[in-house]
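Please treat every number below as a calculation from the coordinates, not as lab data. Since this is a predicted model, take the numbers as computed values, not measurements. No Cβ is skipped: glycine too gets one built from the backbone with ideal geometry, and neighbour counts run over all protein chains shown.
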Amino acid sequence: MRTRFEHSAGGVLSRGAGEGLEVVLAARRRRSGELVWGLPKGLVEAGEEPAAAALREVREETGLEAVISESLGDISYFYVWEGERVRKKVTFFLMAPTGGDLSLHDDEMEEVRWFPFERARRSASFASEREILERAATALRGASPLH
């Protein structure tokens, strides 16, 4: 099976602090019809920096404008799409909202909403994205992960 590489970028958009900490998750349907909740992300376009791609994708998929606070690093995984194996790297950034409206999200997302942090961690469909949420919690809470 042929393998290709993809690089995407996305963000953990957060607001509040302590017990009031919230993050945005976006939901889309898999081909099977299953609703999958995850962090907003998308492909880095040719000539585009990952940070710019992350801000663009967050705006498109959530309807919210944001600024980057810091890098949360990368995750990597494989998947198969139409008979081709894809090796994917996703670069994530911690972000704060500056404007926009969740109702302005694109049609790719079925639903977008703010979740209390603990609920977001339980709702995120992928273990790698739950790890990114932990990294965000560590950054936001001063090296003390949420439990």
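Could you count how many residues in the stretch 9-20 are outside any helix (DSSP H, G or I) and surrounded by fewer than 19 Cβ atoms within 10 Å (Cβ to Cβ)?
Adding up the residues that qualify gives 3.
Kindly provide the set of residues from the stretch 114-147 that are over 22 Å from Glu70 (Cα atoms) and of a type in the set (D, E, K, R), ordered by number.
Residues satisfying the conditions are Arg119, Arg122.
State which residue is nearest to the chain's Cα centre (by Cα) when the search covers only the stretch 31-48 and only residues that are of a type in the set (A, V, I, L, M, F, W, C) and within 21 Å of Phe92 (Cβ to Cβ).
Here the answer is Leu39.
Tally the residues that are under 21 Å from Thr98 (Cα atoms) and either surrounded by fewer than 16 Cβ atoms within 10 Å (Cβ to Cβ) or in contact with an Asp or Glu (Cβ under 8 Å, 6 or more places away or on another chain) (or both), restricting the search to the stretch 21-33.
1
Of the residues Gly63, Gly83, Gly16, Gly33, which is in contact with a strand residue (DSSP E or B) (Cβ under 8 Å, 6 or more places away or on another chain) and over 19 Å from Arg122 (Cβ atoms)?
Gly63 is the lone residue from the list that is in contact with a strand residue (DSSP E or B) (Cβ under 8 Å, 6 or more places away or on another chain) and over 19 Å from Arg122 (Cβ atoms).
Can you tell me which condition Gly83 does not meet? The list is (1) closer than 15 Å to Ala139 by Cβ; (2) touching a residue at least 60 places away in the same chain (Cβ under 8 Å); (3) not acidic (Asp, Glu), and all the others hold.
(1)
In the stretch 6-17, which residues are in contact (Cβ under 8 Å) with a residue 24 or more places away in the chain and out of contact with any Gly (no Cβ under 9 Å at 6 or more places or on another chain)?
Matches in the stretch 6-17: Glu6, His7, Gly11, Val12, Leu13, Ser14, Arg15, Ala17.
Considering only the stretch 89-107, state which residues are of a type in the set (D, E, K, R) and more than 14 Å from the chain's Cα centre (by Cα).
Of everything in the stretch 89-107, those that are of a type in the set (D, E, K, R) and more than 14 Å from the chain's Cα centre (by Cα) turn out to be Asp101, Asp106, Asp107.
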